[in-house]
Amino acid sequence: MFKLTNLIILFIMTAGVCQAQMWQQNDDIFNPSGIPSLPFSQPRFADLDNDQDMDMILGNISGPPLYLENTGSLTSPQFQVGDDLFAPVQELDCEVGVCVDLDADGDLDFISGGYLGLQWYENTGTAELAVFEKVDGFFDGLALSANPVPHFADMDNDGDLDLVIGLSESGAIHYYQNYGTTSAPVFTGGTQENWFDVGLYAYPWFSDFDADGDIDLLVGRDGYGFYYYQNTGSPSQWNWNRLDSQFSGLGASTYWNSPCLVDLTGDGKQDLVHGTASGPLKYYRNTGSLTQATWSEVTSLFGGVIDVGGASNPVFIDFDDDGDLDLLSGSQMGDIKYYENTGNASGPAWTPNHSRFSSIDHSIYSAVAAGDLDADGEIDLVVGDLSGNLYYHRNTGASFVFESTEFTGINVGGWSSPRLYDLDLDGDLDLWVGREDGQISFFENTGTPLDAVWTEDASLFNGLDVGSNAVLTLGDINLDGNLDMLVGEGFRDVTLFSYENTVWIEYPDSLSEFTFGQNATPALADLNGDGDLDLTVGNYEGTFNYFENLNMVSVQESKTIPEGMILHPAYPNPFNPSTTLSFELAATAYVSLKIFDLTGSLVETLIEGSIGPGVSSISWNALSFEGQSSPSGIYLAVLEAEHSRQVTKLMFLK
């Protein structure tokens, strides 16, 4: 039996947790430039569409090279991911590659270096639209080891392209003269000249850097900085003078620096773009002269990407208590990365501030959970790592104190990934831990908010297993009153589960349209301030992908309200400093009215007890049960009586 009313209620336009097109990917929130950060990045440049500006070929160790088209101009470049020109390139053939016209037919070919040595992919298309086809065995006579790094220049001034190769394990640089012609090159094994040795993993690049008519050599390596060999001889009679001062200070904080020199501004001077082991590209413009370079870093073209260096494992919390969500992440090296949100609740901007957590460093592959574990108003940390242990770092306000006995006896077997949520809504945080074997351990806090006692409950997940390296995040994704859980795993999948009638129900196809990175690590948080939980996913590469939640949350008229209990909309809403919640009961009932944040954590219990029939009202002043002021954001008021539940949305604005 239903009765009619003209009351305004919260209406959520959704068709269950597996709604079609529920998510929309938009990684710009973590990468404003749009240029991906790929591990062991190796940028190279060439005009692949013959429009007189320089496009980029981005080599890496994750797969075939990526083509980024210059949609700007010769003097004002802008790069975006273009056609998949390098799809024919086999993954084992290419960690790095360069484009040159090796057969002098007027278009650019691709010469790659990878695990299987050196390969030639001939351009059988045109100068405007490249089509690459592999020429089998062309470099077989050179008998090269894995991952050679090639570059070409006419070093003997005879009109054809000669070859220089950087070697991986030895760090040596070998030069091969072209004994053929411009259209039919010939490179012969055993004829190489051994030029230099830079240690390990040499990345050579030919360029007439000083514009004196002969070719100079810049070399990156497994280490910091660069080696620069200036040719003070002639185009055919080289005289190498090592002059590292020209690149002094560059690459000093990154390693495995793979450089190229290219004029991206049309001023006739070569600028430096180099890749790094962790992935982000570095770009330095030469604002000096041809004979004495002055380097100015440019971050707008390739910069802004958030990359923790490997194995990102995100969690969001308002750590600095300014009303917006900050980003914490574990990392491959075991330290904790912190990105302060210097934007706002609906438009984040990330500023790294890792020093606040510099004292926290465990075994490799750290994962972090954040929450107030001792009810003192400060956000504490629980850290897991490859060992499977858990570590409690209590926040004193001034520093973090390691409490070594908090998790004594708890070890989940490997690669522990903790999260903190109040499952039983008793006002304290419970502990959830993803495990290397793909399962999840749950430890209920059977103590108090001031003194936790961790009691394992193995029945909660009842055999739930995603395969490997489980990382979970919790929240009510579609605001239906049920707790949802997303679980990432080692082989690029993220699976949705909903907690319905005390059972986890799997929705296996809810995210099947998306491709995630290896070791997918999900985190739910409302990053655009629209009232629902968005999804951020970390990965082995150390970056983050963002998926906006497309649930349309709005306020509309409804004609149907269940008879027996009515939860009216809060007023005022949005509110500051307080709002009033009213509800109607047809008969006396035991009622609970609680406030939750969007992660499902209990903020405050407003009513818990027997209420008589009629209209009842109560105010909420945005304080938690601990007496702390809540941050700006979206909250859910949940009214329960007998077997009925109703939810309304509240927006608190400081």
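The values are calculated or read from the model by the stated rules, or taken from the named source; none is laboratory data. Remember, predicted model here, so these are calculated numbers, not experimental data. Using ideal geometry, Cβ is built from the backbone for each residue, glycine included, and neighbour counts are taken over all protein chains shown. Surface areas here come from the heavy atoms of the whole protein model, side chains and all, with no ligands, DNA or RNA. Shrake-Rupley method; radii C 1.70, N 1.55, O 1.52, S 1.80 Å.
Annotations
- Relative contact order computed over the chain (Cα-Cα under 8 Å; 6+ residues apart), in percent: 11 percent
- Gained length - residue 212 relative to residue 571, 0.36 nm times residue gap less alpha-carbon distance: 121.7 nm
- Accessible area ranking (1.4 Å probe, heavy atoms, ligands and nucleic acids excluded), largest first, for 502, 265: 502, 265.
- Accessible surface, the stretch 488-529, averaged per residue in Å² (probe 1.4 Å): 46 Å²
- Three principal axis extents of the stretch 295-353 based on alpha-carbon atoms, in descending order, are 38, 27, 15 Å.
- Computed over the stretch 62-126: relative contact order in percent, which uses C-alpha pairs under 8 Å that are six or more apart: 24 percent
- Of the residues 362, 643, ranked by 1.4 Å probe accessible area with the largest first, the sequence reads 643, 362.
- Where [x] 36, 30, 26; [y] 57, 25, 22; [z] 51, 33, 26 are the candidate values, the label of the one calculated here for semi-axes √(5λ) of the Cα gyration tensor in Å is [y].
- Cβ-derived FRET efficiency at R0 41 Å, residue 459 paired with residue 255, nearest 0.05: 0.30
- In sequence order, calculated HN-Hα J values of the stretch 143-160 (Karplus, 6.51, -1.76, 1.60; Hz; x Gly/Pro): 6, 8, 7, 5, 6, x, 10, x, 7, 10, 6, 7, 7, 9, 6, 10, x, 10
- Pairwise centroid distance, computed over Cα atoms, of the stretch 58-114 with the stretch 496-511, Å: 42 Å
- Estimated distance in nm for a label pair at residue 248 and residue 578, the labels positioned 7 Å out from Cα along Cα-to-Cβ: 6.7 nm
- The mean sequence distance of close C-alpha pairs (under 8 Å, at least 6 residues apart), as a share of the length of the stretch 102-217, puts its relative contact order at 20 percent.
- Euclidean distance between Cα centres, the stretch 602-651 to the stretch 256-288, Å: 56 Å
- Restriction of the GluC sites (Glu not before Pro) in the stretch 454-525 to DSSP coil positions whose beta-carbon has at most 13 other beta-carbons within 10 angstrom yields 513.
- If R0 is 45 Å, the Cβ-Cβ spacing of residue 502 and residue 399 corresponds to a FRET efficiency of close to 0.65.
- Per residue value of the accessible surface for the stretch 193-326 (all protein chains in place, 1.4 Å probe), Å²: 37 Å²
- Restricting the GluC sites (Glu not before Pro) of the stretch 121-175 to loop positions (DSSP other than H, G, I, E, B) with no more than 14 neighbouring Cβ atoms within 10 Å leaves 128, 169.
- Based on protein heavy atoms only, the stretch 387-466 ends up with 43 Å² per residue of surface accessible to a 1.4 Å probe.
- Between residue 239 and residue 78, the FRET efficiency estimated from the beta carbon spacing at R0 = 45 angstrom works out to 0.70.
- Ligands, DNA and RNA left out, the accessible area of the chain computed with a 1.4 Å probe is 49% carbon and sulfur.
- When the alpha-carbon atoms of the stretch 178-244 are used, the pair Rg, Dmax equals 13.7, 38 angstrom.
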